[in-house]
Structure formats: C-alpha cells, structure tokens
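The values are calculated or read from the model by the stated rules, or taken from the named source; none is laboratory data. None of these values were measured; they are calculated from a predicted model. Cβ: placed from backbone, ideal geometry, glycine included. Neighbour counts: every protein chain shown. Side chains included, ligands, DNA and RNA excluded: accessible areas come from the protein's heavy atoms. Shrake-Rupley method; radii C 1.70, N 1.55, O 1.52, S 1.80 Å.
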Protein chains: 2
Amino acid sequence: MRLGKNGLIWLLLSLLLSMLPVGYTWAQLVERSIPAPTNINQNHCPCILQDNSVFFRVTAPNAQKVQIDLGKKYDMVKGENGVWTVQTEPIEPGFHYYFLVIDGVAVADPASQSFFGTGKMSSGIDIPEVGADFYTVKDVPHGAVSSKYYYSNVTNSWRRLFVYTPPGYDQARETRYPVVYIQHGGGEDETGWVVQGKTDIILDNLIAEKQAVPMIVVIANGNIRAGGGGYSSEGMAGFKKEMTQNIVPFIDKNYRTKANAENRAICGLSMGGGQSFYVGLESLDYFSAVGVFSSGIFGGIRSAGGAGFDAEKEIPGLLSRSGEFNEKLNLFYISCGEGDERVEFTKAAIATMRENGLKVESNTFPGGHEWQVWRKSLHDFASRVFK
Amino acid sequence: MRLGKNGLIWLLLSLLLSMLPVGYTWAQLVERSIPAPTNINQNHCPCILQDNSVFFRVTAPNAQKVQIDLGKKYDMVKGENGVWTVQTEPIEPGFHYYFLVIDGVAVADPASQSFFGTGKMSSGIDIPEVGADFYTVKDVPHGAVSSKYYYSNVTNSWRRLFVYTPPGYDQARETRYPVVYIQHGGGEDETGWVVQGKTDIILDNLIAEKQAVPMIVVIANGNIRAGGGGYSSEGMAGFKKEMTQNIVPFIDKNYRTKANAENRAICGLSMGGGQSFYVGLESLDYFSAVGVFSSGIFGGIRSAGGAGFDAEKEIPGLLSRSGEFNEKLNLFYISCGEGDERVEFTKAAIATMRENGLKVESNTFPGGHEWQVWRKSLHDFASRVFK
C-alpha cells in the first residue's frame with residue numbers, strides 16, 4: 001500500500017498519539033510487562049518490565065502534579081486524556097509499600113490492593129523474584145489461618161489474633177504441636193504476617209518439603225502502648241505482659257500445643273524483632289527460641305538503640321553469663337537485609353555476642369528494610385527451629 | 001478582666017482562627033462527635049455527630065477541589081493550612097462505602113480502613129445504630145474464621161475461601177454441623193462477609209443466645225466468569241459448577257459437616273442473592289434452604305431482570321409445581337432494604353410466588369442497598385435456618 005502525503009502525516013500523527021510518554025505504545029507495554037500480582041480488578045498497571053522497572057499509570061485529568069512514592073518519589077508525566085505515567089528505575093524483587101501522591105496528598109493507588117503498613121492503608125507492589133517460589137501457593141497439603149478474639153487485661157479490650165495451624169491439624173486429633181509467636185513491625189498490625197508475609201504459604205511449603213516440622217504460628221497485634229513502648233526492657237513491659245499472661249495462655253487453652261518453653265519460639269521483624277529480643281530473652285521460662293529480624297535495637301536508626309547498644313546492659317548476663325543463655329536457648333537467630341542501614345550494626349552486635357561465647361545463628365538476605373527479607377527470615381527461622 | 005481594644009481584636013481574631021469552616025472549634029467538634037469505628041491510627045475524623053451527620057477532614061494544601069463521595073458527593077471547603085472539611089447530612093446507621101475525591105481522582109481516605117468493594121479498595125464508614133449490638137464483639141464463646149486454599153477446576157487456579165466454625169468446634173471432636181454457604185455482592189470478594197459483614201460476630205452472638213443452632217458458614221469468592229455471569233440459569237452455570245463440584249465437596253472433606261441437603265443452606269446478597277436463587281433452587285439435591293438478600297433479579301435495576309421477572313420461566317415449576325418445592329425446601333427466605341430501589345419489585349415477586357402456593361419467608365429492614373441490611377438479613381436467616 002502506498003501512502004499519500006496526507007496519509008503519511010496521518011500515520012505519523014496517529015503513531016505519535018498512540019505513544020505513551022516513555023516511548024511505548026500500549027500494545028508494546030502490555031507485551032513487554034506483566035501486571036503486578038498485587039493489582040486488583042485485572043488492571044494491567046502497575047506493571048513490571050523485564051528489568052524490574054515498574055510502569056505506573058493513573059487517570060487524573062484535573063490534577064496539577066502526580067507522583068509515585070516508593071521511598072523515592074517519581075514525578076509522573078501527564079499525557080493524553082489526563083493519563084499520567086511514569087517508569088521507575090529497576091526495583092528490588094519482593095514487596096514494597098508505595099503511595100500515589102495527588103497534588104500533595106499521599107493515598108493508596110486504586111489499581112492496587114491495600115495493606116496495613118506505615119500506620120495506614122498503603123498500596124503494595126510485589127515484584128516476583130526469579131527462582132524464589134517458597135511463598136507461592138503450590139499443590140501441597142494446606143494448613144489454615146484462623147482469626148480469633150481474646151480479651152486482653154492489658155488493653156482492656158477484645159483483640160484479634162491469627163493462628164496458622166499446619167496441614168492435618170484438624171484430622172490428627174491427639175497430636176500436639178510446637179508454637180512460634182511472630183510479631184509485625186512498627187506501623188503494621190496482625191494482618192502483616194498473614195497478608196504481606198504469606199506465613200501460611202511459606203509454612204505449607206516448608207512442611208511439605210520436610211524442611212520444617214509441623215508447627216502452629218500465632219500472629220498477634222503487638223501495638224501495646226502500656227509500658228510506653230520504645231526499645232528497652234521497661235518499654236516492652238506491656239507487650240511482655242500481654243504475650244506471657246494473655247496470648248500464650250489463650251493459645252495453650254484453645255489449641256493442641258506442646259505447652260512448654262522447649263516448644264515455644266518468639267520472633268519478629270523490626271519493632272517485632274526488638275520485642276522478641278527483650279521479651280524472649282527475659283522470659284526463657286516461656287521460650288527456648290528467639291528470632292530477631294531487621295531490628296533497629298543494635299543501631300543504625302535514630303529512633304532506636306543507636307551505636308551505643310550494650311547487650312549486657314539490655315539483658316543482664318547475656319554476655320557475662322552467656323553459657324546459661326546457651327543452655328536455655330535452643331535457637332537464637334538474628335537476620336538483616338544486606339541493604340538495610342541496620343546491617344553493619346547488627347553484624348557488630350552479633351560479633352560481640354559471639355566473642356563472649358553466646359551462640360547466635362545468623363543470616364543476611366539481599367534487600368533493604370522490606371518484606372522480602374522478612375519472608376526469607378521466616379523461611380530460614382522456621383527451617384531451623386524445634387529441631 | 002477588662003480587655004483593651006487591641007486585646008478584644010486579638011481575642012476575636014483568635015476565636016475566628018480556631019473556628020472550623022462549619023462553625024465548630026476543634027475542641028467543640030471532638031466533644032460533640034465520636035470517631036468512626038472504621039477509622040485507623042486513632043484519627044478523630046471522620047467523626048459522627050449526634051444527628052448521624054459526619055464530619056470529614058483532609059489535609060490537601062495543593063489540591064484545587066476535594067470531595068467526599070458517599071453516593072452523594074459533598075464538596076469540601078478549604079480552610080486554614082490547607083485543611084479541607086465538610087459536614088454531611090445525617091446518614092443512615094450502618095456501613096457505607098465512600099471515596100475521597102482529590103482533583104477528580106476517587107481514592108480511599110487514608111484516615112479510614114479500606115475494604116474491597118465497588119471493584120476496588122474503598123473507604124468505609126460504619127455508623128453505630130442505637131440499640132443494634134448484634135454485630136458487636138461480646139463476652140460470649142467465640143468461634144473462628146479460617147482461610148483455606150482449594151483448587152478450582154472451573155477457574156484452573158488456587159482460590160481462597162473463609163470458613164466460620166462455631167464455638168466449641170475444635171473441642172467437640174465427634175459433633176457434625178450444618179453448613180451455610182454465603183455469597184458476597186458484585187464488586188466484592190470473599191472478604192466482604194468476613195470484614196464488612198461481621199459474620200463471625202453475628203453467629204457467635206446468635207449461638208450464645210440460643211437463637212441459632214451451631215453451624216459452619218462458608219464464605220467463598222463468587223466472581224466466576226465461566227458461564228458468562230449475568231442473572232440467568234445459563235449465566236450462573238460456572239458458579240453452580242464451582243459451588244456443587246468444588247466448594248461443597250472440599251468443605252465436606254475438610255470439616256465435620258452434616259453432609260446432606262437437609263443440612264445445607266445457600267444465601268447471599270445482591271449478586272450473591274441471585275446466585276443463591278438460581279443455584280439453590282436448581283440444586284435441591286444439595287440445598288434445602290435458600291436465602292436471597294437484596295437481589296436485583298426481581299427488578300428495580302437496569303442491569304438485572306427488570307419488571308419482567310417471571311419466576312416460572314427462571315426456575316421451571318417454581319409456581320406451577322410449588323408443592324414439590326415446598327416439600328424439598330425447609331426455608332426459602334427473601335429480604336430487602338426498605339429504601340432499596342429493588343424493594344417493591346421484590347415484594348411483588350414474593351406476592352406472586354405466594355399466590356401460587358410457594359412458601360416464602362420474608363423480611364425488610366430500614367436502609368438502602370447496604371451492609372446494615374445484609375448484616376440483619378444474615379442475622380434473621382441464621383436464626384430461622386436448620387430448625
């Protein structure tokens with residue numbers, strides 16, 4: 001077919017019009033990207049390109065300025081029909097909170113699922129990691145996650161917690177199981193380890209592969225203000241009371257647990273890692289395994305312990321009587337993201353503890369202060385505990 | 001104290017500055033209102049005044065126009081420091097989806113919890129109803145809600161469903177229970193009856209008061225496109241196959257059910273009411289109780305059956321052989337909100353069915369096409385079924 005001059009201009013114009021600001025046509029974009037698994041309603045965008053950059057798209061004809069805030073803020077560019085788009089830099093695999101910022105107001109992106117994090121409902125984008133299928137639902141026996149209400153005499157209110165029971169729990173009517181108590185981070189709640197963390201899927205897969213023993217996992221809400229909060233033994237007093245006097249007895253009463261320290265572990269991420277450190281190490285009559293994922297208590301963030309972390313001061317005897325702790329602890333585990341500002345402080349604290357004879361198992365994972373590190377930390381911790 | 005002229009001007013000015021646009025100071029607003037129970041992070045706004053009007057507040061210094069969309073759109077007014085506010089008219093008690101509209105973009109309000117409804121994450125405001133505490137967590141024995149994965153050969157994917165088990169289920173190891181299969185509405189998913197619907201709390205309270213027999217409630221995702229969807233026997237074919245060939249067998253295999261039609265009910269709201277009508281009445285070898293809440297199949301909305309609803313055509317024999325249906329149905333229940341555009345069509349359809357000898361139990365509740373009506377419908381249905 002031969003085009004006349006007008007035809008050629010028309011063709012060029014329509015090609016230009018069909019281009020998105022970053023240089024793809026819609027068809028090219030769809031071909032070269034996958035929708036984020038966290039999208040809803042069959043939205044294609046946000047979508048992930050081969051280099052793990054993400055293409056965002058928002059219709060906002062009357063907005064003056066639209067941004068994507070992924071920790072780093074990306075200005076979107078207004079195109080045809082009020083459609084704003086931006087392509088980010090390549091992004092780490094795993095789960096990232098993000099916000100859509102419309103004329104300065106940070107909100108959740110209507111194209112995405114929302115998650116409770118950063119103290120409010122946030123968007124999240126889950127970028128698949130090549131080769132990491134340990135948190136993918138597979139054709140293996142599945143456990144269940146139950147929500148339960150219990151009454152707290154610390155907060156004087158009914159509170160919700162989630163309980164993962166392993167495959168076969170309902171059928172094996174006499175079997176008793178060890179229990180992991182796992183805590184979320186600051187600005188999150190009990191939904192964190194269920195939704196973002198995919199605890200049930202990780203445990204189902206581990207148990208199917210016989211990498212972990214069948215266990216119960218209790219996912220409670222750690223936002224207890226009694227005691228003042230903060231990273232110290234005193235600050236954690238309210239949470240400690242809640243855990244040992246309310247949560248553990250409630251679980252032992254309502255589930256077929258092995259109700260002793262030997263078969264109880266406590267672990268958590270960030271704020272929940274700090275809680276596990278203090279409450280776990282101070283309550284070795286309750287717990288024999290402690291996991292601390294990406295905690296700021298060792299230093300690296302202003303709001304927490306800072307570089308002045310002194311293990312002996314925080315937990316008297318932890319260094320000077322390390323043998324006693326070694327005897328009572330079947331597992332003391334510390335992990336951190338390799339890109340997390342806390343990692344060097346964490347390594348230094350581990351080194352000091354080991355120099356003083358304390359047994360510490362540890363690991364680091366690629367990524368920053370984010371859920372992919374915590375999914376891997378749970379995977380790693382659960383494969384080591386109760387063995 | 002006597003004020004000089006400057007002092008008086010200063011006093012008036014500071015009074016003016018402390019006034020919010022609708023005429024309250026912040027202290028007055030806090031005194032005269034309660035935060036919505038659906039708020040997060042201890043936000044006071046949105047807050048509910050004594051006449052059930054709602055005061056919304058959003059900080060958006062750079063926005064040109066901000067609205068609250070509660071079905072009706074309210075323009076917010078920009079005040080000091082870029083804070084926009086509006087006080088709505090008095091609003092019906094119960095749960096309402098709403099959106100914050102920033103320069104034309106409808107998003108979830110960061111001050112509120114988000115809920116999957118209207119096809120995306122939406123804000124919701126739950127306005128307490130005086131005297132209605134049937135969906136309040138009380139000091140009664142509590143059941144549990146579990147999430148489970150099952151494989152669907154209709155969608156060829158792993159799908160999640162929720163299962164409510166009544167108090168004592170784990171302990172009463174030989175007891176078997178009847179089962180209600182309950183469906184969400186269009187634009188919603190399996191989280192609807194758990195979160196907005198408060199199914200577990202309603203059943204816990206009903207069972208404690210001996211108004212309902214202990215039962216299992218299965219809350220699956222009804223968004224099955226196979227069969228085409230739509231309000232007809234053909235449109236529901238995919239959902240029917242999913243329910244009878246995948247979901248019911250999965251539940252009977254994994255829970256201690258009374259696995260027969262006598263002890264199975266199906267009900268749902270709006271789209272889920274239509275699904276229950278067609279699938280329930282066509283599958284009386286599976287179900288002996290059918291509940292239809294606020295369905296559009298009888299007419300009243302353009303997208304559904306319209307005024308031309310013909311029960312005999314939709315379910316052959318329903319009118320002409322009503323005796324046969326009466327024999328197999330222990331409960332055929334239809335409800336609707338009194339302010340719902342569907343209500344008159346629903347009443348007409350019920351009248352026709354009754355004229356033809358079909359036994360129909362029915363009820364209406366104050367309110368429109370909303371969750372408060374559906375909570376009450378579940379409460380009513382569960383107190384009638386399996387008796």
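A few comments on the model shown:
- Working from label points 7 Å from Cα in the Cα-to-Cβ sense, the B:GLU31 to B:VAL130 distance is 2.1 nm.
- The charge dipole of the range A:243-387, taken about its Cα centre with unit charges on the Cβ atoms of Lys, Arg (+1), Asp and Glu (-1) only, comes to about 460 debye.
- When the listed pairs A:LYS253/A:LYS387; A:LYS148/B:LYS328; A:LYS241/B:LYS376 are checked against a 27 Å cut-off, the alpha-carbon distance exceeds it for A:LYS148/B:LYS328; A:LYS241/B:LYS376.
- Cβ-vector label at 7 Å, B:GLU209, separations to other copies in nm: 5.0
- Within the accessible area of the range B:246-387 (1.4 Å probe), percent carbon and sulfur: 47
- Average accessible surface for the range B:177-284: 28 Å² per residue, computed with a 1.4 Å probe over protein heavy atoms with every protein chain in place.
- Antiparallel %, DSSP beta bridges [both residues in the protein assembly as shown], to 5: 65
- Computed on the protein assembly as shown, the Cα convex hull volume stands at 213 Å³ per residue.
- For the protein assembly as shown, the residue among A:PHE332, B:PRO166, B:LEU100 whose Cα projects farthest onto the positive side of the dipole built from Cβ charges is B:PRO166.
- For A:GLU262, solvent-accessible area (1.4 Å; no DNA, RNA or ligand), Å²: 110
- Buried surface for the A/B pair, taken as the accessible area of each chain alone minus that of the pair with a 1.4 Å probe, is close to 3600 Å² in total.
- A simple spin-label model places the labels of A:GLU312 and A:ASP69 4.4 nm from each other, with each point 7 Å out along Cα-to-Cβ.
- Cα gyration tensor shape of the range B:106-185, rounded if a/c is under 1.5, else prolate or oblate by comparing a/b with b/c: oblate
- For chain A, the longest principal axis of the alpha carbon atoms and the long axis of helix A:343-355 meet at an angle near 20°.
- Degrees between helix B:5-18 axis and first principal axis of chain B (Cα, 0 to 90, nearest 10): 10
- Cut-off 9 Å between beta-carbons: net charge of the residues surrounding A:SER294, Lys and Arg +1, Asp and Glu -1: -1
- Buried on assembly, the range B:112-146 (at least 10 Å² less accessible surface than by itself, 1.4 Å probe): B:SER114, B:PHE116, B:GLY119, B:LYS120, B:MET121, B:VAL137, B:ASP139, B:HIS142, B:GLY143, B:ALA144, B:VAL145, B:SER146
- Dipole magnitude for the protein assembly as shown: computed about the Cα centre from +1 point charges on Lys and Arg Cβ and -1 point charges on Asp and Glu Cβ, it is near 160 debye.
- Local charge for A:GLN211 was computed over the other residues whose Cβ lies under 15 Å away, with Lys and Arg +1 and Asp and Glu -1, and equals +2.
- Most positive-pole-ward Cα, A:GLY186, B:SER122, B:LEU29, against dipole of the protein assembly as shown from beta carbon charges: A:GLY186
- Part-to-part distance (alpha-carbon centres) for the range B:258-287 and the range B:127-173, which is given in Å: 18
- Tensor-based shape of the range A:120-245 (alpha-carbon gyration tensor, a/c under 1.5 rounded, otherwise prolate or oblate): oblate
- Compared with the rule-of-thumb size 2.2 N^0.38 Å for a compact globular protein, the range B:32-97 has a Cα radius of gyration ratio of 1.10.
- Put A:LYS376, A:LYS241, B:LYS359 in order of accessible area, highest first, and with a 1.4 Å probe you get B:LYS359, A:LYS241, A:LYS376.
- Carbon plus sulfur fraction of accessible area for the range A:29-155, probe 1.4 Å, in percent: 47
- A point 7 Å from Cα along Cα→Cβ stands in for B:GLU355, and the other copies hold the same point at 9.3 nm, listed in rising order.
- Estimated FRET transfer efficiency (B:THR59, A:ASN356; beta-carbon r; R0 56 Å; 0.05): 0.65
- When the Cα positions of B:PHE365, A:PHE381, B:ALA265 are compared along the charge dipole of the protein assembly as shown, B:ALA265 comes out farthest toward the positive end, with charges on each C-beta of Lys, Arg, Asp and Glu.
- Kirkwood-based shape ratio for the range A:300-387, expressed as Rg/Rh from alpha carbons: 0.98
- Cβ-defined net charge surrounding B:LYS376, 13 Å radius [Lys, Arg +1; Asp, Glu -1]: -4
- Position A:ARG173: other-copy label points at 0.5 nm, ordered by increasing distance, label point 7 Å along Cα→C-beta.
- By a 1.4 Å probe calculation restricted to protein chains, A:THR136 has an accessible surface near 60 Å², given to the nearest 10.
- Tensor-based shape of the range B:189-315 (alpha-carbon gyration tensor, a/c under 1.5 rounded, otherwise prolate or oblate): prolate
- Relative to the longest principal axis of the Cα atoms of chain B, the long axis of helix B:199-208 makes an angle of roughly 70 degrees.
- Difference of contour (0.36 nm per residue) and Cα-Cα distance, A:VAL77 to A:ASN153: 22.1 nm
- Threshold 50 Å² - residues in the range A:154-179 whose accessible area is reduced by that much or more when the chain is no longer isolated, probe 1.4 Å: A:TRP158, A:ASP170, A:ARG173
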